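Asks: Got a structure for you, written out below as structure tokens; questions coming shortly.
The values are calculated or read from the model by the stated rules, or taken from the named source; none is laboratory data. None of the values given here were measured: they were computed from a predicted structure. Glycine also receives a Cβ, built like all others from the backbone with ideal geometry; neighbour counts cover every protein chain displayed. Side chains included, ligands, DNA and RNA excluded: accessible areas come from the protein's heavy atoms. Shrake-Rupley method; radii C 1.70, N 1.55, O 1.52, S 1.80 Å.
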Amino acid sequence: MTGRNSRDQALRERAHRVIPGGMYGHMSTARLPAEYLQFFSAAHGSRIWDADGHEYIDYMCAFGPNLLGYRDAGVDAAARSQMSRGDTMNGPAPLMVDLAERLVGMVDHAEWAMFCKNGTDATAMAMATARSHRRRRKILVAEGAYHGVAQWCVLRGDGVLPEDKAHVLTYRYNDIDSLAAAARAADNDLAGIFATPYRHDTFRDQEPVLPEFAAAARRICDEHDALLILDEVRTGFRLARGGSWESLGIAPDLSCWGKVIANGHPISALLGSDTARDAVTRIFVTGSFWFSAVPMAAALATLDVIEASDYLERIEERGHQLRDGLRQQARHHGFALRQTGPVQMPQMLFEDDPDLVLGHAWTGEALARGVYLHPYHNMFLCAALTEQDVRTTLERTDDAFRALRRRSGDTRAGKQQHANRGLGYDEEQVDHAT
Ligand code: PMP
């Protein structure tokens, strides 16, 4: 077989025979433009290589876990060193206590920590802890918010019974009235409220949290003696070196962490305050790999960098460089590109593009030029991304816009300019950061 992506194609064909659907979950490229590669052979720093050996400047960071750069030397040395002593054993290594102490020291509300593997483990533990707290049933979640794939929270797919979600009520993010109404509907059975630090749903503009909404969530939990759960799985240590709502002065009772905490090594965590300590002690949770020492060593090394370096400021600087550059390019080429969310976790959607035709075409053109963007999911920047990387990215996206303009013709671009004006669209308004 020949062709630019012949290895990827051959792997997909083999996969279809032995992996249902060829791939599953967020790793499936089935909902992405056809040019998106399914398999990757390597990753280093800010770069990834597909199975056919093509290199990309990466803006997905493995959907979040890559914070410092792929295969960060310090983190991976710590992991290798622990690997030479032991990983999955009859009990945890001593560094489990170091890691719990470290996180408790870094996140204001936290007075204890428990470790697991994936974000779903942490959110499921938080849900059970909230129910255990006052032995109540009702859990409030924002409409459309992603908290993982356990039956109580999975957003779509077969295999979920109405009973699985019978005690899960929804509210609209940032809408205090709807939150209060959901709490009233839960009546004396309210166990807990889940919230993400800002609204980062797929397929839509990102929305910063309104401080009064965060305060209302805290107040309602206090009034009901229910637990406030902040799901930091996606945002953790990307917005702040501690909890994401600390700057608002709002402390949750529980917070869920995953993705970045070991820079890609498999570990997640539930952090809690003393209010929730008895409740969490009464639930039964565990897993064969939850106590493995290698990811804990990697987590400690990652947290060292988070505490001691300017990784966050550097990522933000690169994020602004990218956002400013793209804003100018989109304007220059006559496209209305909406960039929302914090610059370090950007979402990019075109105005007047409900079927993502432009989004798919533009990210596809960028991909062909060695820049890995996502057409409808928030992206992530890592600390290994350099100023030169972003400059190179912008040269390629400029070219991608040019190709998009050629593809869609002046009519489409004109329509975009019209959308820009006609809808009263204001880039500055949606260019917010939390
Ligand atoms: N919560 C949030 C906010 C997430 O973004 C995710 C994963 N994208 C999860 C929970 C679930 O994490 P995991 O995929 O590691 O189970």
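Asks: Please work out whether segment 339-393 counts as rounded, prolate or oblate from its C-alpha gyration tensor, where a ≥ b ≥ c are the square roots of the eigenvalues and a/c under 1.5 means rounded, while otherwise a/b larger than b/c means prolate and anything else oblate?
Replies: Oblate, since a/c reaches 1.5 and b/c is not below a/b.
Asks: Can you list residues whose amide H is under 5 Å from F39's amide H, if they're 5+ apart or on another chain and H is modeled 1.01 Å from N?
Replies: Amide H neighbours of F39, under 5 Å, 5+ apart: A51.
Asks: I've got another one for you. Just the accessible area per residue of the chain, please: how many Å² with a 1.4 Å probe?
Replies: Here the residues of the chain average 43 Å² of exposed surface.
Asks: If you don't mind, there's one more thing I want to ask. What distance in nm separates the simple spin-label points at S309 and R219, each placed 7 Å from Cα in the Cβ direction?
Replies: Each label point lies 7 Å from its Cα, and together they span 4.2 nm.
Asks: Obtain the nm distance between the two label points defined at R135 and A15 by a simple spin-label model: each point lies 7 Å from its Cα along the Cα-to-C-beta direction.
Replies: My value for the distance between the label points is 4.8 nm.
Asks: If packing is taken as the average number of other Cβ atoms within 10 Å across a peptide's residues, how do 388-399, 178-189, 337-348 rank, most packed first?
Replies: Ranking the peptides 388-399, 178-189, 337-348 by packing returns 337-348, 388-399, 178-189.
Asks: Taking +1 at the Cβ of each Lys and Arg and -1 at the Cβ of each Asp and Glu, which of P346, A100, G287 sits farthest along the dipole of the chain towards its positive end, judged by Cα position relative to the Cα centre?
Replies: G287
Asks: Relative contact order for segment 73-308: what is it in percent, counting Cα pairs under 8 Å that are at least 6 residues apart?
Replies: 33
Asks: Just the number, please: percent antiparallel of the DSSP beta bridges in segment 73-308, rounded to the nearest 5.
Replies: Just about 40 percent of them are antiparallel.
Asks: If you scale each eigenvalue of the Cα gyration tensor by 5 and take the root, what three semi-axes come out for the chain, rounded to whole angstrom and sorted largest first?
Replies: Listed largest to smallest, the semi-axes of the chain are 36, 27, 21 Å.
Asks: Place +1 on the Cβ of every Lys and Arg and -1 on the Cβ of every Asp and Glu in the chain, take the dipole about the Cα centre, and give the residue among G148, A30, A299 whose Cα lies farthest towards its positive end.
Replies: Result: A30.
Asks: Sticking with this structure for a sec: Determine the dipole magnitude for the chain: charges of +1 sit on the beta-carbon of Lys and Arg, -1 on that of Asp and Glu, nothing else is charged, the reference point is the Cα centre, and the result goes in debye to the nearest 20.
Replies: Rounded to the nearest 20 debye, it is 1100 debye.
Asks: Still on this structure, I have one more. Students often forget the sequence filter, so: which aspartates and glutamates lie under 14 Å Cα-Cα from K138 once same-chain residues fewer than 8 apart are removed?
Replies: E163, D164, D187, D189, D225
Asks: Rounded if a/c is under 1.5, else prolate if a/b is larger than b/c, else oblate: which is segment 10-83, with a ≥ b ≥ c the root eigenvalues of its Cα gyration tensor?
Replies: Note, shape of segment 10-83 comes out prolate.
Asks: Pull out a ≥ b ≥ c, the square roots of the eigenvalues of the alpha-carbon gyration tensor of segment 108-241, then state rounded if a/c is under 1.5, prolate if not and a/b is larger than b/c, and oblate in the remaining case.
Replies: rounded
Asks: Mind checking the dipole of segment 188-288: about its Cα centre, +1 per Lys or Arg Cβ, -1 per Asp or Glu Cβ, Debye to the nearest 20?
Replies: Roughly 460 debye for segment 188-288.
Asks: Okay, next question. Report the calculated FRET efficiency for A77 and R282 (r = Cβ-Cβ distance, R0 = 45 Å), to the nearest 0.05.
Replies: The calculated FRET efficiency here is 0.70.
Asks: Follow-up question, since we're still on this one. Which percent of the accessible area of segment 100-258 is formed by carbon and sulfur heavy atoms (probe 1.4 angstrom)?
Replies: Taking all protein chains in place, segment 100-258 shows 49 percent carbon and sulfur surface.
Asks: So between E101 and F40, what do we pick up on full extension, going 0.36 nm a residue minus the alpha carbon distance?
Replies: Separation in residues times 0.36 nm, less the Cα-Cα distance, equals 18.4 nm.
Asks: Separate question: For the chain, what is the calculated [θ] at 222 nm in deg cm²/dmol (nearest 500), taking -39500 (n - 2.57) for each run of four or more DSSP H residues and dividing by its residue count?
Replies: It comes out at -13000 deg cm²/dmol, rounded to the nearest 500.
Asks: Still on this structure, I have one more. Quick one: among F40, F284, F115, which has the greatest mean-square fluctuation in a GNM of the chain with alpha-carbon springs under 10 angstrom?
Replies: Highest fluctuation among the options: F284.
Asks: At 20 °C and a viscosity of 1.002 mPa s, what translational diffusion coefficient does Stokes-Einstein give for segment 50-94, taking Rh as the Kirkwood radius over Cα pairs? Give it in µm²/s as a whole number.
Replies: Value of D from the Cα-based Kirkwood radius: 162 µm²/s.
Asks: Additional query: Keeping all protein chains in the complex and leaving out DNA, RNA and ligands, what accessible area do you get for V160 with a 1.4 Å probe, in Å² to the nearest 10?
Replies: 50
Asks: Sticking with this one: Pull up the DSSP beta bridges for the chain and report the antiparallel fraction as a percent, rounded to 5.
Replies: Of those bridges, close to 60 percent are antiparallel.
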